[in-house]
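The structure appears below as structure tokens.
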Amino acid sequence: MRTCSHMVLAPKCSIHPKRPFIFSHGFDHSNSAGFSTIFNPMLRSLQQIKLQIDTSKAMKSITTKFLDAVVDSVFQFVDVPRLPSQSNFAPVEEIGEPILITDIEGEIPKGFPEGVYIRNGSNPLFGGLKSTKSILGSSDSAWVEGEGMLHALYFKKQIDENDGNYTLVYNNKHVETSSYRLEKQSTKPLFLPAVKGDSLAVLSSLMLNKLRFGENYKYYSNTDVIEHSGKFYSVSDSHLPFEIDIFTLNTLNQWDFNGVWNRPFGSHPKKVLDTGELVIFGVEATKPFLEIGIVSADGKELVHKVDIKLDRCCLCHEIGITQRYIVILDYPLIIDPNRLLRRGQLIEYEKEKYARIGIMPIYGDADSIKWFEVTPHSTFHFINSFEEGHEVVVWGCRALDSIIPGPEAGLNNDSKFFSRCYEWRLNMETGEVNEKYLTDGPNQFMDFPVLNESFIGVKNKYAYTQVVDLNASFSADMPKYGGLAKLYFEEQLSSKEKIIKTEYHAFESSNVFCTGLAFVPKEKGGIEMKEEEDDGWIIAFVHNEDTNLSQVHIIDGKKLSGEAVAKITLPCRVPYGFHGAFMPISFQPPTPSS
């Protein structure tokens, strides 16, 4: 293994305090009385303002020290226990600079594009997630929390592009949010966990975080990586996106469209195929609970923003899109701060409450939404949505309960926390709803779906998912994915139940699990040819718990059940994380040193 050197050019900026007015020696003092009459009151006012500012700073400093002392004396940080079966959920050290990869089994297939395969995920500071104990009880982190870390594998074609050889470089780096930088300078955790636990402790934690840092929660930015108009962003549901330098993984600025979007930014925005605009959304625990926006194709403007006028805060992680509509989920996984006052939990799946799906024109508003009542569910991820005749068809990964923030008593061998592929057909003329499962059998539980992105919003034939290993998940009390699946939407195994054909890819042993699934379309040749939807590769981070070895596997998208065409061994362990993406863009990755 060789480390790579490269030059990082960061813009330099400095803040110069305004200099006081200086009167020159040549000033005419003949009218000094008039000068004093005019300026002395102004000078006294400025002195009073300065005194108030100094006093305010002093009071703020005293208040901060007092609050810090309260937290230090009342709250005790403790490590969240980690089972042996949860070993690869533990954080890793940041490398922060590129490493040349030479250990490859098989070879990178011809037609595989240049680009970067990048995955986001939780990598908490201070060795892992924390809880607190206090006289008010305990406050705990949810398993999805933890500072975001990017894991990136760069694919650069060698000079002779036809020989199929690539230079591969790996890097990882934390997303340096403001709260990450604050805690990184400390020798101990600063933010109190405040998602679940005893209600008084959670409520106190929320208030103390707000008073000390101006935010109820840390900026995690640990869920996904998106691209828009040639720029790359790390995203999570609870805060604004952070722009990322895709070459160095350095964190740049927040993306808020000059302050116009001043709320969280959902992890799964969608591009409008015809215009290149980006449909975004954001969920808040207070009204307005859900807003949807549209970003211009160049990423510079927020050209549309609308309050959906929901009556509750649904923990909505996904929206869908068709050629004419936006698909909105409203299901009973509810965030309710008032519940804390009633000694309840901040986030709860209220299975007795209603669920519905809203269909809104792309530039519509709350009054233009057509709502469809559906069976209560918890759906974090859409597979796709599209229009077919008078119907809007929605495919998603649907569960009967929510694993977020985490079952208090553990999974208890209960499969309701895991999702199966599901279909809703919503008739825009009659209001009729038809819904059904699409998968069945021993490998029916799936999540983290991907497809060829050219087919987002239009009817597709194929999609790919990660397959839940139920036994491993029950043992770890956390989700683990022990294989991959290809969904054939136009091929049915049963005409009666209309279960679709599913092809599976199994790993080499029972203790191998994947994360960050992505689809990589085959690079088009010089002659423009009709694109085949599944002509490409599946790529995923794969970890062997027996050997503690992490790899990236590349698998033929047309023959998913076959062996991986390439297995790339990485220089360090890659913890299980969340969403991955392949950015098929020609660029110059960091150059390995000699």
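Of the residues examined, Ala194 is not one that is in a helix (DSSP H, G or I), aliphatic (A, V, I, L, M) and either modelled with pLDDT of 95 or more or surrounded by 22 or more Cβ atoms within 10 Å (Cβ to Cβ) (or both). If I filter the range 567-585 down to residues being surrounded by fewer than 20 Cβ atoms within 10 Å (Cβ to Cβ) and β-branched (Val, Ile, Thr), which single residue comes out as farthest from Gly96 (Cα to Cα)? This residue is Ile585.
Close contacts from the range 243-254, counting a first residue that is closer than 20 Å to Gly121 by Cβ and a second that is open to solvent by less than 40 Å² (accessible area, probe 1.4 Å) and among the basic types (Lys, Arg), with Cβ to Cβ under 8 Å and a gap of 6+ residues or different chains, come to Thr248/Lys173; Leu249/Lys173; Asn250/Lys173.
At least 1 residues being open to solvent by 70 Å² or more (accessible area, probe 1.4 Å) and acidic (Asp, Glu) is the threshold, and among the strands (runs of 3 or more DSSP E) wholly inside the range 465-566 those reaching it are 481-492. Output the number of residues of the range 419-451 satisfying the condition of being farther than 24 Å from Ile321 by Cα and touching a residue at least 40 places away in the same chain (Cβ under 8 Å). Adding up the residues that qualify gives 3.
Residues in the range 247-286 that are within 21 Å of Met360 (Cβ to Cβ) and of a type in the set (A, V, I, L, M): Val260, Val272, Leu273, Leu278, Val279, Ile280, Val283.
For a quick check of your reading: which strands (runs of 3 or more DSSP E) sit entirely within the range 403-461 and have at least 3 residues that are open to solvent by less than 20 Å² (accessible area, probe 1.4 Å)?
Fully inside the range 403-461 and qualifying: 420-427.
Only one of the numbered conditions (1) open to solvent by less than 10 Å² (accessible area, probe 1.4 Å); (2) among the hydrophobic types (A, V, I, L, M, F, W, C); (3) farther than 19 Å from Glu215 by Cα; (4) within 18 Å of the chain's Cα centre (by Cα) is violated by Leu252, and that is (1).
Residue count for the range 314-344 satisfying the condition of being assigned to a loop (DSSP other than H, G, I, E, B) and surrounded by fewer than 19 Cβ atoms within 10 Å (Cβ to Cβ): 7. Scanning the range 369-392 for residues being in a strand (DSSP E or B) and either surrounded by fewer than 20 Cβ atoms within 10 Å (Cβ to Cβ) or within 21 Å of the chain's Cα centre (by Cα) (or both) gives a total of 14.
In the range 229-236, is there at least one residue being open to solvent by 20 Å² or more (accessible area, probe 1.4 Å), more than 19 Å from the chain's Cα centre (by Cα) and not hydroxyl-bearing (Ser, Thr, Tyr)? Checked against the condition, which is being open to solvent by 20 Å² or more (accessible area, probe 1.4 Å), more than 19 Å from the chain's Cα centre (by Cα) and not hydroxyl-bearing (Ser, Thr, Tyr), the range 229-236 yields no hits at all.
The values are calculated or read from the model by the stated rules, or taken from the named source; none is laboratory data. Being a predicted model, the structure only gives us computed values, none of them experimental. Positions of Cβ are generated from backbone atoms using ideal geometry, with glycine treated the same way; all protein chains shown enter the neighbour counts. For accessibility, only protein heavy atoms count, side chains too; no ligands or nucleic acids. Shrake-Rupley method; radii C 1.70, N 1.55, O 1.52, S 1.80 Å.
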